[in-house]
Amino acid sequence: MVKELLTYISYHLEEKISLEQLAKISGYSPFHLHKVLKLELQDSIGNYIKQQKMKKAAYLIGLTNTPINKVKFLVGYDNDSSFARAFKDVYNISPSAFRENNDLKRKIVHLDEDYVSLNCKAVKFKEQQAFVFPSYGNYFSKTIYQIWKDVALYLQANKLDQEQFEYYAILHNCQHLDMETPLRYDAALVPKNEALLRINPFLKFTMPSERFAIYRFCSKVSDYQQNSLVITRHLMESSGFEHREGVAYFRFHQFPDWTDPDNLLLDWYMPIK
């Protein structure tokens, strides 16, 4: 029971997790669960949760370019000062100073760290026009990110700013069902200003309006397969949503770096009915 609760905590750091919430999941009373967890952890559950949240925050600050004011939301804080105070309580340094301290980052952040949130939500994806750059490859391989080099060259050639777009990968197949055959993977630029679509009508593609469950994760590309299995299992068994056939999307929170695509924060849009 304790192991299951600790696993639950690790996948729901975006949320404000309470003892009462964990008691409902476990079936124990809050009083009994508090005693069991304190005996097992040799710490209060509140402090354990804070430690886990700050561990993931250190990973996101240390190995990604995610803005600190966004990191706080990813670990369940909505106030800058309370997040900074919690981070300093654990690491004795402010989040911003930690980002600048390479020696401390190497000491604290484990290279096999990742971030996966199973706090999913359903959205109706609105129809959008995009520039699409088709490719084929293995979704779990770094080589598939080479298509983003072509995207970067296109933006440079047309004197376009990366900040004018949102970045999606269109996943046309399920990699788990076919691990050998290269599968269709499209890099998609969605302009924030639709007037930009007139630049090159030959690259235009319509991303249709459909319903998706959104999951968020960040990891090395070599861990995508493992994390996708965790997310898919949650979708099928625990989310309350019904999966459907169709394309899925990765929405990147920054322009994908094809030279080192590890630790990109992304939202995974999974098709649901």
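The values are calculated or read from the model by the stated rules, or taken from the named source; none is laboratory data. Just so you know, these numbers come straight off a predicted model, no measurement behind them. When we count neighbours, we look across all protein chains shown, and the Cβ atoms used for this are built from the backbone with ideal geometry, even at glycine.
Please state which of the following conditions Leu5 fails to meet, knowing it meets all the rest: (1) buried (at least 19 other Cβ atoms within 10 Å of the Cβ); (2) within 25 Å of Phe255 (Cα to Cα); (3) at pLDDT below 95.
With (1) buried (at least 19 other Cβ atoms within 10 Å of the Cβ); (2) within 25 Å of Phe255 (Cα to Cα); (3) at pLDDT below 95 applied to Leu5, the lone miss is (2).
All but one of (1) farther than 23 Å from Glu113 by Cα; (2) outside any helix (DSSP H, G or I); (3) free of Cβ contacts under 8 Å to residues at least 24 places away in the same chain hold for Met236; state the number of the condition that does not hold.
That leaves (2) as the condition not met.
Kindly provide the set of residues from region 155-213 that are aromatic (Phe, Trp, Tyr) and either within 21 Å of the chain's Cα centre (by Cα) or not assigned by TED's automatic domain parsing to the domain that holds Gln128 (or both), ordered by number.
Phe165, Tyr167, Tyr168, Tyr185, Phe212
If you check every pair at least six apart or on different chains, which have Cβ atoms under 6 Å apart with a residue in region 88-101 that is at pLDDT 95 or above first and a residue that is among the hydroxyl-bearing types (Ser, Thr, Tyr) second?
So the pair list comes out as Lys88/Ser94.
Conditions first: (1) surrounded by fewer than 17 Cβ atoms within 10 Å (Cβ to Cβ); (2) in contact with a strand residue (DSSP E or B) (Cβ under 9 Å, 6 or more places away or on another chain); (3) closer than 17 Å to Asn263 by Cα. Ser117 passes all but one, so which condition is the exception?
Condition (1) is where Ser117 drops out.
Considering only residues that are in contact with a Pro (Cβ under 9 Å, 6 or more places away or on another chain), free of Cβ contacts under 8 Å to residues at least 40 places away in the same chain and closer than 17 Å to Ser10 by Cα, which ones fall in region 58-86?
Within region 58-86, Val71, Lys72 qualify.
Hey, can you tell me all the residues within region 113-165 that are among the aromatic types (Phe, Trp, Tyr) and outside any strand (DSSP E or B)?
Within region 113-165, Tyr139, Phe140, Tyr145, Trp148, Tyr154 meet the criteria.
Return the only residue of Tyr154, Tyr168 being closer than 17 Å to Trp258 by Cα, in contact with a Lys or Arg (Cβ under 6 Å, 6 or more places away or on another chain) and surrounded by 13 or more Cβ atoms within 10 Å (Cβ to Cβ).
Only one candidate passes the filter, namely Tyr168.
In this structure, does Ser222 turn out to be exposed (fewer than 13 other Cβ atoms within 10 Å of the Cβ), among the polar types (S, T, N, Q) and within 29 Å of Leu63 (Cα to Cα)?
For Ser222, the condition - exposed (fewer than 13 other Cβ atoms within 10 Å of the Cβ), among the polar types (S, T, N, Q) and within 29 Å of Leu63 (Cα to Cα) - is met.
I'd like to check something: does region 203-219 contain any residue that is in a helix (DSSP H, G or I) and in contact with a strand residue (DSSP E or B) (Cβ under 9 Å, 6 or more places away or on another chain)?
Checked region 203-219: at least one residue is in a helix (DSSP H, G or I) and in contact with a strand residue (DSSP E or B) (Cβ under 9 Å, 6 or more places away or on another chain).
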